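The values are calculated or read from the model by the stated rules, or taken from the named source; none is laboratory data. Being a predicted model, the structure only gives us computed values, none of them experimental. FYI the Cβ positions are ideal-geometry reconstructions off the backbone, even for glycines, and counts take in every protein chain you see. These area figures cover heavy atoms from the full protein model, side chains too; ligands, DNA and RNA do not enter into them. Shrake-Rupley method; radii C 1.70, N 1.55, O 1.52, S 1.80 Å.
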Amino acid sequence: MSGVQLVPAAQAPLLARPYYARGDPGAIVATLAHVPEVLEVAMPFIGTVLGPSSLDARTKEIVILRTSARLGCRFCVQTHTVAARDAGLSPGEVRALRSEAPGKAFPDPGELALLGWVDAVALGPGPVPAATREALRSLVGDPALVELTLLVGATVMLNRFCTALDLPTAPGVVARLAAEELA
């Protein structure tokens, strides 16, 4: 059971109803529907940061899954394990991102630099160490560095939200994880 009741479609406030138009909007929306004025600004922000951008889907899912695993967010790890598989990550890569040391599954120096950045930003404290920053900066420009950092930060925020409220994972996600032996 969730730490807060999910708002069902029949009880959705007027501002939240568009998010229910296609059926179950998911646990995050059904939780934010309790505060529709926040939902109205949070979902466009979340959609922009986590949605399509100059970063490819594989990179985004590496960042989101790694951040979620490092912070121990069950909901986000489960949900983004499926999203990472859909973005083309192998089961071995997914398992590695969920572990303490993913290096062997990611021999590409660029992805290793990305993982170092994610761990440093997500786990802090303070500024990212210069060597970690320079390892990634040598591969990406400032716009990508800003976007990657915002993606980690938004994921941290969502991890805390989902973990604090113990949001339930969608049954379809749970079933897929079991079918792919990634539960």
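Points to keep in mind about this one:
- Fraction of accessible area attributable to carbon and sulfur, the chain (%, probe 1.4 Å): 63 percent
- Within-13-Å neighbourhood charge of ALA113 [Cβ basis; K, R +1; D, E -1]: -1
- This model, with +1 at the C-beta of Lys and Arg and -1 at the C-beta of Asp and Glu, gives the stretch 97-148 a dipole about its Cα centre of some 100 debye.
- Fraction of the pair-distance distribution of the stretch 121-183 above 12 Å, Cα-Cα pairs, percent: 77 percent
- Dipole-positive endmost among ALA175, ILE64, SER99 within the chain (Cβ charges, Cα centre): ALA175
- Relative contact order of the stretch 19-143, defined on C-alpha pairs under 8 angstrom at six or more residues apart (%): 19 percent
- Among (i) 16.9, 53; (ii) 17.2, 50; (iii) 15.2, 45, the entry derived from the coordinates for Rg and Dmax of the Cα atoms in Å: (i)
- Here the contact order of the stretch 1-68, divided by its residue count and restricted to Cα pairs under 8 Å and six or more residues apart, works out to 27 percent.
- Per residue, the stretch 60-161 exposes 44 Å² of solvent-accessible protein surface, assessed with a 1.4 angstrom probe and all protein chains in place.
- Summed side-chain charge close to GLU100 - residues other than GLU100 whose Cβ falls under 13 Å, Lys, Arg +1, Asp, Glu -1: +4
- The long axis of helix 57-71 is offset from the longest Cα principal axis of the chain by roughly 80 degrees.
- Under a model in which nothing but the beta-carbon of Lys, Arg (+1) and Asp, Glu (-1) is charged, the stretch 32-116 shows a dipole of about 340 debye around its Cα centre.
- Dipole of the chain, positive direction: furthest Cα of LEU148, THR132, GLN11, with charges on the beta-carbon: GLN11
- Cα-based helix-to-principal-axis angle, 142-164 vs the chain, degrees rounded to 10: 50 degrees
- When the alpha carbon coordinates of the stretch 26-98 are projected onto the principal axes, the ranges are 40, 28, 18 Å, largest first.
- With a Förster radius of 30 Å applied to the C-beta separation of ASP142 and GLU40, the computed FRET efficiency comes to 0.45.
- Per residue of the chain, the DSSP helices (runs of n ≥ 4 H) give a summed -39500 (n - 2.57) that works out to -19000 deg cm²/dmol at 222 nm.
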